[in-house]
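Below: one structure, written as structure tokens.
Since every read-out is calculated from the coordinates, none of them should be taken as a lab result. Being a predicted model, the structure only gives us computed values, none of them experimental. Note: ideal-geometry Cβ built from the backbone for every residue, glycine included; neighbour counts use all protein chains shown.
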Amino acid sequence: MLIVGEIHTALLPHSRPLTPEEARGALALAVGETVVQWARPVPHTASPTLLHGVDCRLPLGPKPGNRHADDAAGGSSVRAVGTVCSRAVLTGGHLLQGSAWTAVAPPQQPRRMPWSYYLARPGTLETIGNFEARRLAEGYLLADGQGKGLARKVRHDGGTALLDAAAIARHSVHDVLSRPVLDQRPPIKTGSTRLRWAAIADPGEGRAVAFRLVGNDRRRMSLVTGLVEPEQIAAAAEDLAVHDWLLSAVAARIALAKIGEDPRHTLRTLRPVVDHLLHLWSAGARTSRDLEFMWDSLERRPGLTRQWTTMTERVRSQIDYGAADLAAKMLDMMEERQKQTGGAGEPHYR
């Protein structure tokens, strides 16, 4: 079985973390459906899962032994019909994610079936034609940004567009951002990240994970797992996306802090990181036991928690040094003022 998905992660545009009650209201995206919340180790809220019907094409990667032909941009693809799951996720009341995923299955019927057939298999796309899991996974990862719509989109040549998981993920984000509870004043100016992922669930294969940065804001992850529920794989990918965003956001603030040049600017730049981000690190907290190997591998190389520890120690030390430096300057100013007034104490101000 093949499972594919995409996750968009960004800071919620609100001046403070949402309370659990506010988060539950903001993520109530479907009337009558339950919003799920966890309190530990970090507050976490997940909206109800929504379904989106799609009739699309899935790009194929290169054929084995031919790395230069039939690439995703060349038009080689397979038609697929079914539904894609999506949800919004809020971590620590601050970090908002839009997540979309679906399982891709081999055809059970030789032709395109009525929608009732696909709606009876929620969260599954069934291919019409050959099913090659590895080529589909590789093609999906390489075709980032080529999709054009949520559901069926007809091209000028009469074909259907590629699956646009990015648009489906953004759909949940936009629903949350329209809530009136948000004051549109984020405490830190940060960017967003996109993680596109593909997992092959095959008990006969060895488990493996590969994670790659693609430019400033895009990431790709490929997984080989045993038989695991698609939602569990999506939750593990969301967990990784949150922590990758934290690493990126804190690294960006450190780069802007002018460390060693202007202590006051350094304090102003890094203080919001301490107030709003440093307590959110809890790598693996939302990852099921069957997928813990993913974090075990990533902690060995590239070593995400080691990088986080190094950066957070640097942030805290700079704030301590900066505060001590500013305090010393204040004492020098007070001593100089006392000398100017002849030691008679502080001057009187109206």
Helix axis angle, 133-142 relative to the chain longest principal axis, alpha carbon, degrees:
40
Mean Cα-pair separation over length for the chain, i.e. relative contact order, pairs under 8 Å, 6 or more apart, %:
18
Using only helices, what value at 222 nm comes out for the chain when you add -39,500 (n - 2.57) per DSSP H run of length 4 or more and divide by the total residues, to the nearest 500 deg cm²/dmol?
-11500 deg cm²/dmol
I'd like the antiparallel share, as a percent to the nearest 5, of DSSP beta bridges with both residues in the stretch 190-233.
45
Within the chain, what's the longest run with no GluC sites (Glu not before Pro) in a DSSP loop and at most 16 other beta-carbon atoms within 10 Å? Give the range, please.
34-204
Let me have the relative contact order for the stretch 1-110, percent, based on Cα pairs under 8 Å that are six or more residues apart.
36
Of the labelled options (i) 1.07; (ii) 1.21; (iii) 0.92, which one gives Cα Rg over 2.2 N^0.38 Å as computed for this structure?
(ii)
